[in-house]
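Working notes, structure below.
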Amino acid sequence: MVCPNSRTIISVALFSIAILLFQVTASAQSASFTRTDYPTLGNNHIAADLNGDGIADLAGTGNNAASVMLGNGDGTFRPKINYPVGGQAQDLAAGDFNGDGRIDLVVSLSDIVSSLSLLTGNGDGTFNAPVNFPNTGAQEDSPAVVATDLDNDGRLDVVLAHAIGCFVSPCVPARTITVMLGFGDGTFQLPFDIDVGTGMSRIVVGDFNRDGIKDLAIAGDNSQVYTLLGVGNGTFLKQPTITLTADTLFVDGTDIDIADLNGDTIQDLVVAIPTNGSRTAILLGNGDGTFQPAQILTEPRLRVPQYQVIGDFNRDGFQDLALALANGTEGLFEIRNGNGDGTFDPPVLYAAPPPLSSVGGGTLVTGDFNRDGRPDIALPIIGANPGLAGLVNSTGSVVVAPAYGNVTATPSTVVGGNSSQITISLVAGSVAPSNGFSFSVSSSNSTVLQVPSNVFMPGGSSSVRFTATTRNVTSTQTINIRIRNNQLGRRNVSVTVTPVTPTPAPLSLSALTLSPTTVVGGNSAQGTVTLSAAAPAATTITLASSNAAATVPASVTVAAGASSASFTVTTGTVNATMSAIISGAFNGVTRSSTLTINPVTAPPPPSTDTVRITRAEFESSKRVLRVEATSTSSSATLRVFVTSTGQLLGTLSNNGGGQYRAELSVSTNPQNITVRSSLGGVATASVVAK
C-alpha cells in the first residue's frame, strides 16, 4: 500500500531530510529557516506558479534546457523535469505569451542561430517543444531576459540584455538590449536594438518616474547602472549612467533588484557589485526617474555578495536583504535586516558549510513555498558540490491586525476605452485570515466605468488586484469606486476618464486611375491621382512608368485645398500589344494602374469570305467565353477580339465544313466581340451573360 503523501516523503528522503538551518550569527530579530536539499536545478532561477494550483514552483536554466520543479505546497518540491530549448540556456522568465490563460516560459540563449526559445505551457506544469526566435542582432549572447508589457496593450513583451559577442572572432563587448513586442499569440514583432552600455548582467522592471509606463534598470560593468525610462511604445529615454563607487575598475554589477526600501512608496534599487571590493549598493529613488547617491554596504571579510533578493524575512514590516555569498566559507548566504529607512543592520550569516567544502551561494529567489505568508528562499549551491537548498522561513509570525493599507488606481487617469488596475493592500505586516477577505465593489457611474461586483483576497495574502474597464466619453469625468468589507470597513478610490483626442489620419495617396485604360500606340491617356483628403498645401506625387512605350512626367502636384490632380500619359507606336504600369508614390504609399497599348490595326485585306457569329456567351461563374461562328470558307482562320479595345482573346478551332468554335478563359465579360477571318470576313455580336 502506498501512502497518499509517499511522493513527497520519498522526494525529501532522496534529497535530504529537512533540518533546521543554524545561524552562524544570531539575534532576537533574525529570521530562521528549515532546509531541504535537492540536486542542482540550474544557473538562473525564477519562482512562479507554473501549473495554476496556487503553489509556487521553481524553474531554472540547465545546459540546453529549462528545468522545472513543481511545488508540493508544504515547502518541498518534486523532482526536476528538463525541457529542451534551442541552444545554451542563460536566463528565463514566465508569463502567458499566447493568451491561452496558461503560464509559458521564455528562455534566453547563447547561440549564434537563436536568441530566445518560447516553451508554451499546457497548464499542468509541463511544456511543449520550443519555438525558437532567430538571433537577428549582432549575434551576441543573452544573459538576461525579462517579460513585461512595455506598450500597455495587455500583451507580454520581452527584453534581452547582451553582454558579449564571441560567435565570430575576435570577441566584442555588447552594448545593446533587444526589445521584442508581443502580438499576444506567441509571436513577436520584428525585434529592435537599443544601445545602453557594456557589461550588462541583470534587468529589473519598474516605474521610476511613476507615470504608469514600465522603465528598466540594468546592472553593468565598471560600477555602472543603466536606467531607461519607458515612452509607452516599447522605446525608452536613456538616462545618465549612474556610477556607484569612486573606484570603477573591475567593479562589475552581477545582480539588481527593486523594492520600496524606505516606505515612501517610491521604488528603490539594490545592486550587487561583488568584484574588487565585495560590496552592495543601495539606490533610493526620488520618484522622478532619478536616484540619490549610492549608499555602499561593504561586506566584511570579502565574502563576495554576488546575488540578492528582497523580502521581510524577519517579519518586522521592513524590507530585508538576503545576499548569496560567492565565498561561502562562513555561510552560503546572509541577511541584512532593514530598518525601514533604506539602511540595514550588519549581516547575519546562514548555512555555513563544512570546512574545505569550496562552495558558495548562487542566484537565489524568494517565494512563499508553503503558503504560510512568510517569504522563503531557494538558494543554488555552486562550486565543488553543486545543489539547491530549499529554505522555508520558520520565523515566528509578527502579529499585525489586518487593516486597509493603500487602495490605489494605476493609472488614476485613463483615456476612455482603456482600463485601470485597482489594488487593495493591507497594512504592512498583516495578511488576510485563512478564510480570506471578500470585498464588494461598485462604481459611481457604471455606464462609464465598470468593475466586478466582488473581489476576493485569499488567506495569507496582503493584497488583491482587479481591473476597472472604461468606455469612451465626450468629456472628462471622475468616477468613484467604492470598496467595502464587513470587517475592514469602506474605502474609495477615484479614476478620471478623459475623452479620446482625435488624431487626424496622415495624408496618403488613395488611388491612381487612367482614362482610357487601353489605347492604340501613339495616342495618350489621362491619369488622375487622388489623395485621402484635401491637401493642406501643394503636395507633390512622384510618377513612374514600367514601360518605355508609355511616358509620364516625373511628378504631378495637387494644389492646396484640392484632393486630386491629372497628368498625361504619352504612348509610342508598338508592334505588338503590351502593358505599362503607371504608378504614383507619396508618403510611403504607392498606387498604380495598368495601361494596355495596342498596335495600329492594318487595313483589312479584301474580304473573300463571309463570317457570321452564331453564339457569344459569357458564363460569369466560370469566367468562360463561348464563341461559335461560320465562314463561307472551310480553310479560313478565325480570331476573336474585344470590339471596344481590339484586344485579341483567342483563335477559334476549325471543326470543318466552315464551322468554328472556342471556349476562352477571360476575366470579365467583354460585352461585344468581333470575329475576323484571315480571308477578310468580319462579324460583330453582343455577348450574352449567363
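The values are calculated or read from the model by the stated rules, or taken from the named source; none is laboratory data. All figures in this text were calculated on a predicted structure; none of them were measured in a lab. When we count neighbours, we look across all protein chains shown, and the Cβ atoms used for this are built from the backbone with ideal geometry, even at glycine. Surface areas here come from the heavy atoms of the whole protein model, side chains and all, with no ligands, DNA or RNA. Shrake-Rupley method; radii C 1.70, N 1.55, O 1.52, S 1.80 Å.
Residue count for the range 256-273 satisfying the condition of being of a type outside the set (A, V, I, L, M, F, W, C) and open to solvent by less than 10 Å² (accessible area, probe 1.4 Å): 1.
Checked against the criterion of being without any contact (Cβ under 8 Å) to a residue 60 or more places away in the chain and out of contact with any Gly (no Cβ under 6 Å at 6 or more places or on another chain), the range 312-320 has no qualifying residue.
If the condition is being on the phi < 0 side of the Ramachandran plot and in a loop (DSSP other than H, G, I, E, B), then the range 269-280 contributes Pro274, Thr275. Looking across the range 544-580, the residues that are outside any strand (DSSP E or B), of a type outside the set (A, V, I, L, M, F, W, C) and within 43 Å of the chain's Cα centre (by Cα) come down to Ser546, Gly561, Ser563. Considering Asn385, Asn393, the condition of being surrounded by fewer than 16 Cβ atoms within 10 Å (Cβ to Cβ) and not β-branched (Val, Ile, Thr) is satisfied by Asn385 alone. Just so you know, in the range 317-334 the residues that are assigned to a loop (DSSP other than H, G, I, E, B) and either open to solvent by less than 10 Å² (accessible area, probe 1.4 Å) or aromatic (Phe, Trp, Tyr) (or both) include one that is nearest to Ser425 (Cα to Cα), and it is Phe318. Scanning the range 526-537 for residues that are touching a Ser or Thr at 6+ places or on another chain (Cβ under 9 Å) and either modelled with pLDDT under 95 or surrounded by 13 or more Cβ atoms within 10 Å (Cβ to Cβ) (or both) gives Gly527, Thr528, Val529, Thr530, Leu531, Ser532, Ala533, Ala534, Ala535. Among the residues making up the range 281-310, a single one is among the hydrophobic types (A, V, I, L, M, F, W, C), in a strand (DSSP E or B) and open to solvent by 50 Å² or more (accessible area, probe 1.4 Å): Ile296.
Is it true that Cys166 is open to solvent by 30 Å² or more (accessible area, probe 1.4 Å), out of contact with any Gly (no Cβ under 7 Å at 6 or more places or on another chain) and over 28 Å from Leu58 (Cβ atoms)? The answer is yes for Cys166. Check the range 410-422 and report whether any residue there is more than 28 Å from the chain's Cα centre (by Cα), among the β-branched types (Val, Ile, Thr), open to solvent by less than 30 Å² (accessible area, probe 1.4 Å) and within 28 Å of Val500 (Cα to Cα). No, because not a single residue in the range 410-422 is more than 28 Å from the chain's Cα centre (by Cα), among the β-branched types (Val, Ile, Thr), open to solvent by less than 30 Å² (accessible area, probe 1.4 Å) and within 28 Å of Val500 (Cα to Cα). The selection criterion, being among the polar types (S, T, N, Q), surrounded by fewer than 17 Cβ atoms within 10 Å (Cβ to Cβ) and either in contact with a Pro (Cβ under 7 Å, 6 or more places away or on another chain) or not in a loop (DSSP other than H, G, I, E, B) (or both), does not hold for Thr447.
Within the option set Thr608, Thr637, being open to solvent by 70 Å² or more (accessible area, probe 1.4 Å), under 22 Å from Ala685 (Cα atoms) and over 60 Å from the mean Cα position of the chain (by Cα) holds for one residue only, Thr608. The set of residues from the range 65-93 being polar (S, T, N, Q) and without any contact (Cβ under 8 Å) to a residue 40 or more places away in the chain comprises Ser67, Asn82, Gln88. Comparison of Asp247, Asp252 shows that the only residue that is touching a Pro at 6+ places or on another chain (Cβ under 9 Å) and more than 23 Å from Val158 (Cα to Cα) is Asp252.
Of all residues in the range 650-671, those that are farther than 11 Å from Ser633 by Cα have Cβ atoms under 8 Å from Cβ atoms of residues that are part of a strand (DSSP E or B) and of a type in the set (Phe, Trp, Tyr), 6 or more apart or on another chain, in Leu652/Tyr660; Ser653/Tyr660; Val666/Phe618; Asn669/Phe618; Pro670/Phe618.
So, in the range 538-563, how many residues would count as being within 27 Å of Thr643 (Cα to Cα) and open to solvent by 50 Å² or more (accessible area, probe 1.4 Å)? Residues that pass the stated criteria total 3.
Would you say Ile597 is buried (at least 16 other Cβ atoms within 10 Å of the Cβ) and either of a type outside the set (Gly, Ala, Ser) or out of contact with any helix residue (DSSP H, G or I) (no Cβ under 7 Å at 6 or more places or on another chain) (or both)? Judged against the criteria, Ile597 is a match.
The set of residues in the range 153-163 being of a type outside the set (A, V, I, L, M), closer than 15 Å to Asp193 by Cβ and surrounded by fewer than 24 Cβ atoms within 10 Å (Cβ to Cβ) consists of Asp157 alone.
Here is a check on your reading of the model: is Gly186 touching a strand residue (DSSP E or B) at 6+ places or on another chain (Cβ under 9 Å), in contact (Cβ under 8 Å) with a residue 12 or more places away in the chain and under 19 Å from Ala259 (Cβ atoms)? No: the conditions fail for Gly186. Pro130: modelled with pLDDT under 95 and either within 28 Å of Asp195 (Cβ to Cβ) or within 21 Å of the chain's Cα centre (by Cα) (or both), yes or no? No.
Answer with yes or no whether Gly186 is open to solvent by less than 20 Å² (accessible area, probe 1.4 Å), part of a loop (DSSP other than H, G, I, E, B) and more than 21 Å from Gly212 (Cβ to Cβ). In short, yes.
The sole residue among Leu150, Leu116 that is in a loop (DSSP other than H, G, I, E, B) and buried (at least 24 other Cβ atoms within 10 Å of the Cβ) is Leu150.
For the range 422-438, residues that are more than 12 Å from Ile481 (Cα to Cα) and in a strand (DSSP E or B) total 4. All conditions but one from (1) crowded, with 20+ Cβ neighbours inside 10 Å; (2) under 18 Å from Thr120 (Cβ atoms); (3) within 21 Å of the chain's Cα centre (by Cα) apply to Asp91; the one that does not is (2). Of the numbered criteria (1) of a type in the set (Asp, Glu); (2) part of a strand (DSSP E or B); (3) open to solvent by less than 50 Å² (accessible area, probe 1.4 Å), the one Asp193 fails is (3).
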